[in-house]
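Notes for the one structure printed next.
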Ligand code: PEP
Ligand code: MG
């Protein structure tokens, strides 16, 4: 026969912390606390299986349940020395929900169950407090009529007409009539009169009388809590949090204890360590003569639990000072709980007439700083091992340590103006600027600015660099703005389609709000939220965080996947190395083309009429590129540096505005018409599928030749100087092996010349990106001529899913909301589709060359779920923007530990 009811109390429990599926989080922990000897008011948990049964069987119960509940009540009565329904000294209970995962405030609770016209005198006699007893009764009637008789019965009254609101109005009217300002001024006689009025109103509105039978109240409450699992609030919360509908909630029936019985009673909440700093000190708040809701509601300023928890300016007495004996007992339970659970606990307690009761414990929520500090210190204290510590910190929590953040407390009280895609994490505050030139100029004057654009192009980078953050109305997670901002660790929101940018009027309109250039906004790039005005930021310096260093070293001991960075300059490379990168997985050489003294030659190269002219212009770029590569190779000495040959379509480098075209014509001694005609000729309908990647190097071999020479000469010279330079030349956008054969031949030819003139480069390799679906499918052919593959999952997603990287921001969020894709496939690898292409390429490539080096350099390399995937398919490394390197190190360690647990 199935068991549905689990008793707890007085050092004994039928359940345990391991039974969360059956007893819910709250019930399982109450059982655990009771069995380790903590003073838990006795009671019992009705399992989640009953919830599932109840909702599937037309709100009926398994036939054996009633007998089990009766027996559990008898046990509770015996332990507490009171009887349910006893007119002299009644046992009163609460009925609370408790699912496997915490769903705060989403389901229902009924307190003071068992108070009736017959038992009320008993409570008055026991407490010698008439007002208190009538107040309990009033609260029961309010909750019961709302939760059980209205919501539980499926009645949804018009706005403002709910029974709770109607009863609240009766209360307000009485207070007004009596000339009271606060609830506590109501006398016992007032409350008695009020409960009569409540009952009459309930009968009128709901057509039924408030039940005067304890058992009826109990079963009504149990049913309503189970029914609240399917309530509107709970259902929509489950959708958002991804909690399955079939989990169900448990119901906890527990003896009531009162923190509001007078000055010798109190209630409070505590954390076994500080959840904001991670400090190993008991932290919490309490309120004398109050109920749990009063602490949560925030209407009264709570007292500090101890002197360590005291906020500046709070002079209220601490429990530690006021009642040292009780505090000592509580602090002892704090130690017991933390030792027992080996994690920070969030606990609730009540003191009834100087007797302490523990009401709840659960794993406490914490921010990134606290999570990291606790994980490291608990290992030092011998409480947990390193593997547990690694699993305790979420990758997103590491992000909090690497970027300034919008103060979460304040953010909670503000309504965002708009929402876009979270392209670059962290927070930023600044004045709106609509052009990159103005952004640069104002930043030079010391202003903090946020560059707001429809979308960005490589021509905007100076303004993007100068700005605190970038906000665009179009574009997806791998659009230009997103890639560039992420590379710099800069806050960025893209695809914020509610923005209407009016360049002529210098305005940004969002729904009804009009913002002007110069107005201050705040961005939360981690969530993609835009706020009007300034919200304060909080930040920490990762370099000074000793815990971070220790923690990431532990991750490195565990992980098998390599972590490299995408970096385009010596500074970024150094930053990346500092954050733990084991090489560069992608240098996008085109990012070097935009500096003012170079772009001229780039344009001359593009607009050249014949190969000679082109070669002449290109050769002017050679010294610049050589210098760049030398710097990067040096910054990464001893580690591999993958340098990719030119990739983007050439039209990205030429000016499209007339004034600039005229200027360029002058510079190049050509007519403006000629320039315009050349620019127009470069126009493509689908530039992302057009003349780009290795196709450029095939049409214009001199580009490949120049870039290869710049890389190889820089490396050979360094080697000659005794430095350990390890270049890896990477050919982009290869879909057919013959493309790579073509490019490789040029590179090898240049190498032969460099080898003879300067010397050998012992660690040189030549490989390709796999980013065109055909390339993935024919990876065996390509592997014959490649020393390595690096998956360009941005383009692979673009071409594999057929979603434009630059335009999908307009519809992809809707796809995700509708559940068509679980997540933006540009952000987290689409394992079943694009991931399958990766798998095919891995398998085919390694079949030909078992030791073929495999990496990924698309944006997915810094996404924790994608890192898990790449580990599982057997890649050698991931490469991501420098600020994602710590996140990738953690994710790569966590997947190893997960696999260990699963095996
Ligand atoms: C890619 O396509 O994944 C990639 C890394 O290259 P890019 O983003 O520069 O096209
Ligand atoms: Mg690409």
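Viscosity 1.567 mPa s, temperature 4 °C: what is the translational diffusion coefficient of the stretch 408-541 from Stokes-Einstein with a Kirkwood Rh over Cα pairs, rounded to a whole number of µm²/s?
Estimated via Stokes-Einstein, D reaches 91 µm²/s.
How high is the relative contact order of the stretch 1-125, in percent, with contacts defined as C-alpha pairs under 8 Å that are six or more residues apart?
24 percent
With n ≥ 4 as the cut-off for DSSP H runs, can you work out [θ] at 222 nm for the chain, using -39500 (n - 2.57) per run divided by the number of residues, rounded to the nearest 500?
After summing the helix terms and dividing by the residues of the chain, the value is -13500 deg cm²/dmol.
After finding the eigenvalues of the alpha carbon gyration tensor for the stretch 318-442, what semi-axes result from the square roots of 5 times each, listed largest first in whole Å?
After diagonalising the Cα gyration tensor, the semi-axes are 41, 21, 12 Å.
Sort out for me the Cα centre separation of the stretch 146-165 from the stretch 385-412, rounded to whole Å.
Between the Cα centres of the stretch 146-165 and the stretch 385-412 lies a distance of 40 Å.
Convert 37 °C to kelvin, take the viscosity as 0.692 mPa s, use the Kirkwood radius over C-alpha pairs of the stretch 104-258 as Rh, and evaluate the Stokes-Einstein diffusion coefficient in µm²/s, rounded to a whole number.
In µm²/s, the coefficient is 196.
Assuming a viscosity of 1.002 mPa s and a temperature of 20 °C, what translational diffusion coefficient in µm² per second does Stokes-Einstein assign to the stretch 66-127, Rh being the Kirkwood radius over Cα pairs?
163 µm²/s
Cα convex hull of the stretch 556-628: mean projected area in nm², to one decimal?
For the stretch 556-628, averaging the hull's shadow over all directions gives 6.0 nm².
Would you give the gap between the C-alpha center of the stretch 1-69 and the C-alpha center of the stretch 721-768, rounded to a whole Å?
Comparing the Cα centres of the stretch 1-69 and the stretch 721-768, I get a distance of 68 Å.
How would you order 802-809, 667-674 from highest to lowest mean count of nearby Cβ atoms within 10 Å?
With the highest mean Cβ count within 10 Å placed first, the list reads 802-809, 667-674.
Largest first, please: the extent of the C-alpha atoms of the stretch 523-655 along each principal axis, to the nearest Å.
58, 47, 22
How long are the semi-axes of the equivalent ellipsoid of the stretch 736-839, taking √(5λ) for every eigenvalue λ of the Cα gyration tensor, in whole Å from largest down?
Here the semi-axes work out to 37, 13, 11 Å.
From the P(r) of the stretch 107-158, can you give the percent of Cα pairs sitting at distances over 19 Å?
34 percent
Could you sort 420-433, 503-516 so that the peptide with the highest average Cβ count within 10 Å comes first and the rest follow in order? If you can, show how the numbers build up before the last one.
Values: 420-433: 24.9, 503-516: 13.6.
Order by mean packing, descending: 420-433, 503-516.
Which order do the peptides 301-312, 399-410 come out in when sorted by mean C-beta neighbours inside 10 angstrom, highest first?
In descending order of packing, they fall as 399-410, 301-312.
Can you give the convex hull volume of the alpha carbon atoms of the stretch 673-767 per residue, in Å³?
114 Å³
Given q = 0.11, 0.12, 0.13 Å⁻¹, what are the Debye log10 I(q)/I(0) values for the stretch 1-80, with equal point scatterers placed on the Cα positions and solvent ignored?
Log-scaled intensity ratios, in q order: -0.28, -0.33, -0.39.
Under a no-solvent Debye model with one identical scatterer per Cα of the stretch 837-881, what's log10 I(q)/I(0) at q = 0.20 Å⁻¹?
The calculated log intensity ratios at q = 0.20 Å⁻¹ are -0.59.
For the stretch 466-582, take N as its residue count and report Rg(C-alpha) divided by 2.2 N^0.38 Å.
Computed over Cα atoms of the stretch 466-582, the ratio equals 1.35.
Which whole-number percent gives the relative contact order of the chain, counting Cα pairs below 8 Å spaced six or more residues apart?
Value for the chain: 9 percent.
Remind me, what semi-axes does the chain give for its equivalent ellipsoid, largest first in whole Å, using sqrt of 5 times each Cα gyration tensor eigenvalue?
Numbers: eigenvalues 826, 175, 125 Å².
Sorted largest first and rounded, they come to 64, 30, 25 Å.
Whole Å is fine, so just give me how far the alpha carbon centre of the stretch 615-680 lies from that of the stretch 837-861.
31 Å
At q = 0.19 Å⁻¹, what is the base-10 log of I(q)/I(0) for the stretch 218-371 according to the Debye formula with one equal point scatterer per Cα and no solvent? Please give it to two decimals.
Those come out to -1.20, one per q.
Computed from the coordinates by the stated procedures, all read-outs in this text should not be read as laboratory data. The structure displayed is predicted, hence computed values, not measured ones. Methodologically, a virtual Cβ is constructed for each residue, glycine included, from the backbone with ideal geometry; neighbour enumeration extends over all protein chains shown.
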